[in-house]
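I have placed the structure first, in the form of C-alpha cells, so that the comments after it can refer back to it.
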Amino acid sequence: MSRIGVFICHCGENIGATVDCEKVAKTCACLPGVEHSVDYKYMCSEPGQSLIREAIKEKKLDGVVVAACSPRMHEPTFRKACAEMGMNPFLCEMANLREHCSWVHAKGDATTEKAIDLVSMMVEKVKRNKPLNPIKVPVTKTALVIGGGIAGIQASLDIANAGQKVILIEKEPSIGGHMAQLSETFPTLDCSQCILTPRMVEVAQHPNITLYTYAELESLDGFIGNFKARIRKKAKSIDETLCTGCGVCTTACPLKKNPSEFNMGLGTRGAIYVPFPQAVPNKPVIDRTKCTYFKTGKCKLCLTKCPAGAITYDQQDEIIEVPVGSVVVTTGFNVTGTDFFSEYGYGKYKDVVNGLQFERLLSASGPTLGEVKRPSDGTVPKKIVFIACAGSRDPAKGIDYCSKICCMYTAKHAMLYKHKVHDGDATVFYMDIRAAGKGYDEFVRRAIEEDHVNYIRGRVSRIFERNGKLIVRGADTLLGAQPVEIEADMVVLATAGISNPGSEELAQKMHISYDKYHFFSEAHPKVRPVETNTAGIFLAGACQSPKDIPDTVGQASAAASKVLALFSRDELTREPVIAVVNRTAPPLFSTCVGCFMCQTACPYGAISREEIKARDGKILKTVASVNPGLCQGCGTCVAFCKSKSIDLQGFSNEQVYAEVMELLS
Amino acid sequence: MLQSSHHEDPSLAGLVWTKTGISVERCYQCGKCSAGCPAASEMDLTPSVVLRHLQTRDADSEKKVLSSYSIWLCLACQTCIARCPMEVDLPKVMDVLRIESLHRHLVHPKAKDIVSFHTSFINTIKRFGRLWEIGLIGEYKVRTGHFLQDVAVAPVMFLKGKLSLVPELHRKFVRKIFAAKERA
Amino acid sequence: MKIGLYPGCSMDGSSREYQESLRAIAPKISLELEDVKEWNCCGASSAHAIDHALSLALPAKILAQAEAQQMKELAVPCAACYNRLASTKVELAEDEAMRMKVAKMVDLPYTGATSVKNILDVLTPLLTPEVVKTFPATFPHKVVCYYGCLLVRPKSVMHHTRMEDPMEMDELMKRIGATPLEWSMKTECCGASFSITRTDIVGTLGMNILEDATMRGAEAIIVACPMCHSNLDMRRTEIEKVSGKKYSIPILYITQAIGLALGCSPQQLGLQRHFVPAKIEAKLKVQQTTPAAAAVS
C-alpha cells in the first residue's frame, strides 16, 4: 500500500488567489494511498522544503506529490529535498497548479475542481513510480571550434589557456576571418591586422590547439560530452610537412587574373595562392577549379619551381574522425554584394562598392596598397557618397533587421577617406545613427565636427551613371525632404550583414536551430546568449547576429567559459527518463518481435539492433536496443511499438493509463 | 500588409486605413520616396512630408495636406512604392487624399487647372463613352480660361489625322456605370 | 496566336500610328486580333485621381466584356490602359465587397477570368529567332528602349523581376538587328498626364530623357506607350524650350520598328504622323531589284 505525501503550494497569490488550496489539500487527504496532505504558502522556501523532509521522516512516505508551479521551475528543488531524506528523487513528482490551472482560469469552483483532478492524477502516477538512477556519461575534454575568425580564435585561446584541448577548423586557407580584411577598427582606429595577427600566431603555436584550415565539418553525431565529429580536410595539393612557405610557387603561377576573394574581387590571385601575406598558416593551396594542371593536365610550373618538393597534385580530401566533448560555432557572417540593389545598378557600376570592398581599398595590404582609387579607372575620387542602411531595415528587400555595425563603420570609412584625401568630399546619407558602444557616439561626432563629413538624413532613391560619374539622388528629410542630387566619383554602400551561404546545411548537420535569416538561434535571447538549444553546442559572434568586435570577443570568451564549466567535471549525469526494451527469461528473452519500427521512428537514432546469442554463438533473436546515451525520452518508439515491448522509464504506459483513468473516474 | 488595430480612428490617417488598409505608422520617414519623386521639386510638401503630416493626426496638419498642391502634382508614376523599404502604397494614399480634398473643398488654388482637367476628362467619357480630345480640351478651356492653349498644336494634329473633329457616340457603353454613380 | 484586343482611346486618336503599325504587322507575325466589342475608355489617370469606384468600374466593364466574348487573354497595347486593367483585376480579386459593388455598376458578370497582356508580353513569344529569320529586313540602328512607369510598376500588380532595368523591349530590338544601348532613363517618368496642365514639367522630364539618350549616341528612342510617345514627340518644342537646345532624335513605337524590319512602308506604319521626323530606315537582308524593294529603301 502506498504512502504518498501531498503538498499544495499557494505560491503566494499566484495559485492561492484563484484556487482554494485548503480545500484541495483536505480533499486529497482522503484519496486512497495518500498518507499526508497539507497546504502551504511557499513550498519552495526553506520552511516549505522542511515540511516535505519532516513528513517523509515521520510518516515514512514512499512517494511525494508537490502541487505547485511548473516542474521546469522547481522539480530539482523538491527532488533534492527528498534525496536528502534518503528517498529516491524520482519518486517525487510535481502537479502544475500554476501554469496549467491558476494562471489560465478565473477563480471559481470549477478551477478548484480542476486542481483536485490534477493532483489526484499525479497521485495515481506516483503510486506506480519506480526508483531510477541517473545515467552517468564520461566527458571528452576536447572542444571543437568551427570557424577561425576573431570569435573562433578568442574562444580557442581561452579554452586552450585553461589547459583543455581544442580542435579549430576553418574553411578558408587561412584563419583571420573578416577582421583580417579590415584596415582600421572603430572606435580607436587601431590597425585591425596588428591586433589580430598576434592572436593568429598564438593559435598556430599553442600546444593545446590543433588547427585545420581548408577544412569543414562533414558530420556531427553524439551528444553533450560525447560528440563524434567528422572533419573533411579539403585537398590543398600541398604537403604541409614539407612546405616552407617560401612563396616561389605563387610567384611562378602564370594565371594571375583570378579575382581574389580576400580582396573582394578588386584584386587578383593565382591558382596556387596564399590569401594574404599575414596568413596563418602561411602555406598556399591550389584552387583546382582554376588551375591549368587540373583542368588540362598541362603547366606544372609550381611543381617544377618548388625547392622543397611540397606540391602533391594527387592529394585527396581526407576525412578524420575526432571525439569531442563540446562544440563552439563561430562561423561568422557575410555582407550582401552591390548586385543586391536594383535601384543602385544591379552591381554593374564598378565604382559602386560595398563596405568590405572599401576596406580593402583603404588597407595598406590591399589591391591599391592603401590608396583610395576608383576601381573603374584608378583615379583618386574627389567626391564619395556613403550610403548607410543599404539593405538593412528594408522589409521590401527581405531584411527587416538593423545590421548594427554599419553606422559606425560608415563614419570610420568617411573619416579614413578624409585622412587620406584631404581635399576630398565625403557625404553620408543616413536614417539614424546607431552608435551605442563605449566611445562610439564621440567617434561619430569626430567624423562630423573634426573631419567635416557631411551627414544628410535621408535615403538614396537611385544611383545611375552619366559621363563616368555616379549620379546619386537622395533627400534631406531634415529640410522638408527636398531632393538632393550629388555627382559623385564613387559610392560606398553599407550593405546588410547576412548569414553565410551554407549556414542552413551546417545547422542541420549539428541539429541546432536557426531563424528565417539563417542566423543560428541562441537558447534565450537575454539570459542564454551563447548557448544553443542543443546541449553542448555553443555560439559566439556574428553567426548568431551581426555584431562588432568587442561584442564578438565578449561572446567568444563567454562560450569558452561554458565549455570550461562542462569540462570541469569528468562525468555528466543525464536524466534517466529514457526508453527501455523489456527483457525476460529464455526462451522468450523479450516480447520484442524484431519489427524495428521503433528504430525507424526514433528521431535521435538512439535505437539499434541487438543480437541475442546462444552460448555457441548462434543468433537466437535480434531485438531492439536503446542507447541510454542518445535517448531523449520523447516516447515516439513507445507509441509505435505494436507488441508493447518498449516503455519509457518515469512515464510508463501503466502510469499514463492510471492518470487518465483517474481523471475519467 | 501590416494592419494595426485602429479602433475608431477619426483622423485622416484613419480614413486612409479604412479605405485602403494602409497604416501610415509604417513609414519611418527615410525620404526615399521624396528622393525619387519626379515632381518633388515642384511640390510644397514632398511625399514623405505628406505622410509625416498624416502621422501626427493633427487637424492643422491634415488641412495642410488636403489643401496642398503636392497631392495634385503626384504623377502616379509608382516610383515611390517601387523603392519604399516599408512597401507603403503611397499612390493609393494619394488617391484617397485627392478625393477627400475635393470632398472638403480644400483644393489648392494652383491645382484648380489639374482638377478641371480630370473633371473634363470624366465628363467627356460620360458623354461619349470614349475620349474625344476636342471635347476634353474644349471643356477644359471653358473651365480654366486658357483659351489659347495649344492652338498651334491642334491644326497640326488634325492634319496628321490624329484629331477627329466629330466625336464617336458610345455613350450607352458607360450609361449604366454613370447612372449607378449618380444613385450612390 | 489569337488574342483579344483592347485598343484604348489614344490608339484611335492622338496615337493613331500605334494602332496602324500594330495592325500592319499583326498578319505578318501570325497575330490574330479580336477587338473587344462596345469598349469604353478605361478612365486613365483621371478616374483614379478623383473617383475610386469609377476608376474600377470602367476597366471592369472592359474585362467583363472580354470575358463575355470568351477571351482568355486580352492584349492592351497602351501601357496606361494596361496598368489600369491589371490594377483593377488585382484590386477586385482581393476585395470581395468592392467586386460586388462594381459588378452591379457594370451590370455584367465578372469573374476575372481574362488575363491582360501588354504589348511586350504579346510580341516576345511571337518574335522567336526562327520567325525573325524570315523577316526581309533588319533594323541595324543604335537605339534606347524607353519603358516608362506603368509597364513595370507597381510590383504588387506587375510582379516584374527586374523593375529598374527591364530587358524585354531591348531583347525584341536585338532580335530585329538593333543595338539597344545601356542608358539611365529606362523607367523614369515622362510627365504623364501633365501634357496639358503642366506642360513645363513634361518639358523638364522629357529633357532629361532626350539628353541621356542623345548623349549615349542613340539614333532613336523606342517606346510602348502612347503617353510617353506624345510627351517626347508632340511636346518636342516644349522640351526644347526648357532645355534651350534642339533635339532631333525620333521616337518610334516598338511596332513601328518591327514593321520596318518586316518590310512595311513608312506610310503603312504611320511614321508621317509624328511631329519629329522619323527618317530612320530598315536595311534589306538580300539585295533585290524589284520595285517593292525600292519603295521600302
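Summary table
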read-out: Computed lengthening from residue A:248 to residue A:469, 0.36 nm per intervening residue step minus Cα-Cα distance; value: 75.5 nm
read-out: Rounded, prolate or oblate (a/c below 1.5 giving rounded, otherwise prolate when a/b exceeds b/c) for segment B:55-184 by Cα gyration tensor; value: prolate
read-out: Residue A:487/residue C:179 FRET efficiency (R0 22 Å; Cβ-Cβ; nearest 0.05); value: 0.20
read-out: Whole-number percent relative contact order across chain C, with pairs defined as alpha carbons under 8 Å at least 6 apart; value: 20 percent
read-out: Normalised contact order of chain B, rounded percent, pairs of Cα under 8 Å and 6 or more residues apart; value: 16 percent
read-out: Estimated distance in nm for a label pair at residue C:128 and residue B:58, the labels positioned 7 Å out from Cα along Cα-to-Cβ; value: 6.4 nm
read-out: Net charge of Cβ neighbours under 14 Å - reference residue B:59; Lys, Arg +1; Asp, Glu -1; value: -1
read-out: Inverse mean reciprocal Cα-Cα distance (Kirkwood Rh) of the protein assembly as shown, Å; value: 35.9 Å
read-out: Residues residue A:72 and residue B:147, FRET efficiency given R0 of 60 Å [Cβ-Cβ distance, rounded to 0.05]; value: 0.10
read-out: Lysine pairs with alpha-carbon atoms under 21 Å apart, segment B:110-183, spacing 8 or more or separate chains; value: 9
read-out: Selected from C:66, A:70, B:17, residue furthest toward positive end of dipole (the protein assembly as shown; charges at beta carbon); value: C:66
read-out: Mean Cβ neighbour count within 10 Å, used as a protection proxy, ranking B:150-159, A:428-437 highest first; value: A:428-437, B:150-159
read-out: Dipole of chain A, positive end: most advanced residue of A:490, A:148, A:539 [Cβ charges, Cα centre]; value: A:148
read-out: Whole-Hz couplings from phi, Karplus 6.51/-1.76/1.60, listed for segment C:27-38; x for Gly and Pro; value: x, 7, 10, 6, 10, 9, 10, 10, 5, 6, 6, 6
read-out: Backbone HN-Hα couplings from phi across segment A:278-294 [Karplus 6.51/-1.76/1.60, Hz, Gly and Pro as x]; value: 9, 4, 10, x, 7, 10, x, 10, 9, 7, 5, 6, 10, 5, 4, 4, 6
read-out: For residue A:53, net neighbour charge (Lys/Arg +1, Asp/Glu -1) across residues whose Cβ lies under 14 Å away; value: +1
read-out: Extension reserve of the residue A:132-residue A:571 stretch, reckoned as 0.36 nm per residue once the Cα distance is removed; value: 156.2 nm
read-out: For segment C:134-296: relative contact order, % (alpha-carbon pairs under 8 angstrom, 6 or more apart); value: 29 percent
read-out: Value of [θ]222 nm, deg cm²/dmol, for the protein assembly as shown, DSSP H segments ≥ 4, -39500 (n - 2.57) each, nearest 500; value: -10500 deg cm²/dmol
read-out: Members of C:28/C:142; C:28/C:133; A:516/C:155; A:125/A:642; A:348/C:142 lying beyond 18 Å, as alpha-carbon distances in this model show; value: C:28/C:142; A:516/C:155; A:125/A:642; A:348/C:142
read-out: Estimated distance in nm for a label pair at residue C:216 and residue A:583, the labels positioned 7 Å out from Cα along Cα-to-Cβ; value: 8.0 nm
read-out: Alpha carbon centroid spacing (whole Å) that separates segment C:47-107 from segment A:463-513; value: 38 Å
read-out: Under Karplus coefficients 6.51, -1.76 and 1.60, residue-wise ³J(HN,Hα) of segment A:436-441 in Hz, glycine/proline x; value: 9, x, 6, x, 6, 5
read-out: Interchain or long-range residues, amide H under 5 Å from residue A:39's placed H; value: A:8
read-out: Other-chain or far-sequence residues with amide H under 5 Å of residue A:459's (modelled H); value: A:475, B:31, B:32
read-out: Simple label model, 7 Å out from Cα along Cβ direction - residue A:191 to residue A:300, nm; value: 4.2 nm
read-out: Angle between chain A longest axis and helix A:406-420 axis [Cα atoms, degrees, rounded to 10]; value: 20 degrees
read-out: Rounded if a/c under 1.5, otherwise prolate or oblate - chain C, Cα gyration tensor axes; value: oblate
read-out: Residue B:181-residue C:272 FRET efficiency (beta carbon distance; Förster radius 41 Å; 0.05 resolution); value: 0.50
read-out: Chain C: most fluctuating residue of C:230, C:45, C:156 per GNM, C-alpha cutoff 10 Å; value: C:156
read-out: Sites excluded, trypsin sites (Lys or Arg not before Pro) in DSSP loops with at most 16 other C-beta within 10 Å, longest stretch of chain C; value: C:73-161
read-out: Distant-in-sequence amide H partners of residue A:539 (H built 1.01 Å from N, under 5 Å); value: A:329, A:531, A:532
read-out: Nearest-20 debye value, segment B:110-183 charge dipole, Cβ charges on Lys, Arg, Asp, Glu; value: 420 debye
read-out: 0 to 90° range, to nearest 10: angle between helix B:133-144 axis and chain B longest Cα axis; value: 60 degrees
read-out: Positive minus negative residues near residue A:619 (Lys, Arg vs Asp, Glu; Cβ under 13 Å); value: +2
read-out: Within segment C:100-133, backbone nitrogen closer than 15 Å to the virtual label 7 Å beyond the Cα of residue C:70 toward Cβ; value: C:114
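No value in this document is a laboratory result; all are computed from the given coordinates. This is a predicted model, so every value here is computed, not measured. Reconstructed Cβ throughout: ideal geometry from the backbone, glycine too, with neighbour counts over all protein chains shown.
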